[in-house]
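What follows draws every value from the coordinates through simple rules; no lab data is involved. No experiment lies behind these values; they were computed from the predicted model shown. Using ideal geometry, Cβ is built from the backbone for each residue, glycine included, and neighbour counts are taken over all protein chains shown.
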Amino acid sequence: MDGNGRWAARRGLPRSMGHRKGAEVVKEITRAAGELGIKYLTLYAFSTENWNRSEDEVKTLMGLLRDYLQSDLKEVQQNNVRIRFIGEREMLDADIARKMAEIEADTLRNTGMTLCIALSYGSRQEIVNAVKKTAALVKEGDISLNDVDVKLFSDMLYTKDMPDPDLVIRTSGEQRISNYLLWQIAYAEFFFTDVLWPDFNKKLLEDIIKNFNMRERRYGKA
Ligand code: FPP
């Protein structure tokens, strides 16, 4: 969800206003994704690297997140959406981490779309954690080295039980992955748009999905 800062700068507004508008778009797009029949929607809300932003900006983002967890997610819950979070929770304020655990437990049995929010998330860190977990199981004798395969390793990641993404959309003209779901996107399709996240909307999402549906996915086969 890139481009909040530039959206604000172009209007002579502080960056926080860009994030505020970005958070509104999160709500609109979550609703739209449900209406379009998307089963899993993962949003990159805050990366491990984002902790290096100014104290002010981190505070704004955490404040928006707190509001979102406290009020906006209610609507999502009512729509039978299952919510889960991926990322390093230890880094987050205790009240936020508590609320996240509560929301995950409350929506565990919902059968509609899964909304996954990547928060304090870094893919390399996720992979290193998964390696450590796997090595510990081998060391304890719970599994043997030969048991380690793609499926077992996938189950050590935060995204356990979720299918790999079919489509990754990055806004704002940047054409990078930025430490996002590196393992999981092995066969994902990519769509890069110049539109800044605060200007993203349902119509655009529909157009991108139409584009995606026309692609031929071969998974390495001829
Ligand atoms: C990247 O744009 C965006 C972020 C680092 C934060 C994304 C957060 C939101 C959309 C709102 C909060 C999320 C939820 C789930 C309520 P940028 O700041 O890097 O923009 P720039 O590249 O133009 O500077």
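A few points about this structure:
- Legend: ranking of residues TYR121, TYR158 from fewest to most surrounding C-beta atoms inside 10 Å; resulting order TYR158, TYR121.
- Within the shell of other residues whose beta carbon sits under 9 angstrom from the beta carbon of LYS27, the net charge comes to -3, with Lys and Arg scored +1 and Asp and Glu -1.
- Rounded to the nearest 10 degrees, the inclination of helix 15-35 to the longest alpha-carbon principal axis of the chain is 60 degrees.
- Across the stretch 130-188, the relative contact order, built from alpha-carbon pairs under 8 Å that are at least six residues apart, equals 31 percent.
- Percentage relative contact order, the stretch 1-111, counting C-alpha pairs under 8 Å, at least six apart: 21 percent
- Counting only Cβ charges, +1 for Lys and Arg and -1 for Asp and Glu, the dipole size of the chain around its Cα centre is about 440 debye.
- Residue ranges 184-194, 135-145, 108-118 sort as 108-118, 184-194, 135-145 when ordered by packing (mean number of other C-beta atoms within 10 Å per residue, highest first).
- Residue order, fewest to most surrounding Cβ atoms within 10 angstrom, among ARG218, ARG15: ARG218, ARG15
- log₁₀ of I(q)/I(0) at q = 0.15, 0.19, 0.20 Å⁻¹ - the stretch 6-81, Debye sum with one point per alpha carbon: -0.61, -0.90, -0.97
- The listed peptides 96-104, 26-34, ordered by packing as a protection proxy, come out as 26-34, 96-104 (highest mean of other Cβ atoms within 10 Å first).
- Percentage relative contact order, the chain, counting C-alpha pairs under 8 Å, at least six apart: 25 percent
- The equivalent ellipsoid that matches the C-alpha gyration tensor of the chain spans semi-axes of 28, 22, 18 angstrom, in descending order.
- The Cβ shell under 14 Å around ILE169 holds other residues with a net charge of -2, Lys and Arg each +1, Asp and Glu each -1.
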